[in-house]
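Visitor: Here you go, one structure.
Coordinate-derived values only; no laboratory data. Bear in mind that the values here come from a model prediction, so they are computed numbers and not experimental data. Neighbour counts are summed over all protein chains in view; Cβ atoms, including those assigned to glycine, are modelled from backbone coordinates with ideal geometry.
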Amino acid sequence: GRWAATFNAPLTPAPMFWLETSHITKLRCLLASSASRDLAAADTLAATCLAHAERLHNQPAWLTLLALRSLLLERMGQRNAAVDLLKRCLHQAAPEGLVRTFVDLGPSMWNLLGAVKDAELADYIADLRAAFSQAARPAEQLLDSPGAALTQRELEVLALLATPLSLQEIGEKLFISYSTVRQHTAHIYEKLGVNKRRHAVLVAAELGLLPAA
């Protein structure tokens with residue numbers, strides 16, 4: 001996040017793949033943030049990078065940026081537009097059999113792929129979703145409403161799992177016992193399809209389940 005805030009190198013007229021990778025990385029950092037100003041900055045950066053990649057006929061970067069923009073649109077509450085854009089991206093990527101372009105984007109992409117309904121893409125989408133590791137797949141019940149599977153208390157515990165507090169300290173902060181915190185944590189792991197605290201926080205951030213900083 002600190003690096004993304006200070007990286008402002010301009011895109012150049014000529015192909016510079018290391019620079020394009022840096023801009024795409026910054027876009028991913030902004031997308032991972034829950035702050036509205038970062039999403040707005042991501043929207044501007046995505047548009048600039050897409051125009052640049054299209055101008056240079058850089059198909060790999062262009063497809064990656066389309067996929068990222070589809071996730072951005074969903075984060076901004078424009079789910080139909082997100083699905084339509086992802087469908088367009090998939091039609092371009094399918095003939096090449098691209099996998100990492102989508103799988104590397106994590107649980108949010110696994111989720112959004114499931115919302116694309118297109119008979120021509122059905123087999124390709126099934127292959128892509130199967131390529132995600134188990135840890136990268138959000139629980140099935142999270143697909144329609146990310147917060148629906150977690151209780152209010154579990155969301156409170158989840159938010160504190162993203163802090164340096166120990167389980168004992170989380171219990172003290174919420175006025176519940178250590179064993180109760182452990183029980184809530186086990187339920188959170190099960191619902192998010194993970195088995196480690198760090199993974200739970202990463203998946204929760206991808207799904208927008210953590211409170212804004």
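Visitor: Can you give the percent of C-alpha pairs in the chain whose distance is more than 21 Å? List each step's numbers first, then the result.
Guide: Details: 12929 of 22578 pairs.
Distances greater than 21 Å cover 57 percent of the Cα pairs.
Visitor: Could I ask something else about it? Identify the residues of region 49-92 with backbone N under 18 Å of a label point that sits 7 angstrom from the Cα of residue 25 along the Cα-to-Cβ direction, or state none.
Guide: What the label zone holds, given the 18 Å backbone N cut-off, is 49, 61-62, 64-65, 68.
Visitor: Can you bin region 156-213 into rounded, prolate or oblate? Criterion: square roots of the alpha carbon gyration tensor eigenvalues sorted a ≥ b ≥ c, rounded for a/c under 1.5, prolate for a/b above b/c, oblate for the rest. Provide the component values of the computation, followed by the final result.
Guide: Working: a/c = 2.10, a/b = 1.36, b/c = 1.54.
Because a/c hits 1.5 or more and a/b fails to exceed b/c, region 156-213 counts as oblate.
Visitor: Please give the FRET efficiency for residue 175 paired with residue 92, using the beta carbon to beta carbon distance and R0 = 45 Å, rounded to the nearest 0.05. It would help to have the intermediate numbers written out before the result.
Guide: On the way: r = 53 Å, r/R0 = 1.18.
Given R0 = 45 Å and the Cβ-Cβ separation, E is 0.25.
Visitor: Another question, then. On a C-alpha basis, how far is the centre of region 164-180 from the centre of region 72-105 in Å? Whole number, if you could?
Guide: 40 Å
Visitor: A further question follows. Quick one: net charge around residue 189, please, counting Lys, Arg +1 and Asp, Glu -1 for every other residue with C-beta under 10 Å from its C-beta.
Guide: Numbers: positive: 191, 196, 197; negative: 190.
Around residue 189, the charge tally is +2.
Visitor: Can you give the helix-only mean residue ellipticity at 222 nm for the chain, where every DSSP H stretch with n ≥ 4 adds -39500 (n - 2.57) and the sum goes over all residues, rounded to the nearest 500 deg cm²/dmol?
Guide: Only helices count here, giving -19500 deg cm²/dmol.
Visitor: I want the local charge near residue 30. Using Cβ-Cβ distances under 15 Å, sum +1 for each Lys or Arg and -1 for each Asp or Glu among the other residues.
Guide: Working: positive: 2, 26, 28, 37, 69, 75; negative: 38, 43, 74, 206.
Its environment carries a net charge of +2.
Visitor: Once fully extended, how much extra length lies between residue 80 and residue 129, figured as 0.36 nm per residue of separation less the alpha-carbon to alpha-carbon distance?
Guide: Values: separation 49, 0.36 × 49 = 17.64 nm, distance 1.97 nm.
The residue 80-residue 129 span can extend by a further 15.7 nm.
Visitor: Just name one of 107, 30, 89: the one whose Cα is farthest towards the positive end of the charge dipole of the chain (beta-carbon charges, Lys/Arg +1, Asp/Glu -1).
Guide: Working it through, the farthest residue towards the positive pole turns out to be 30.
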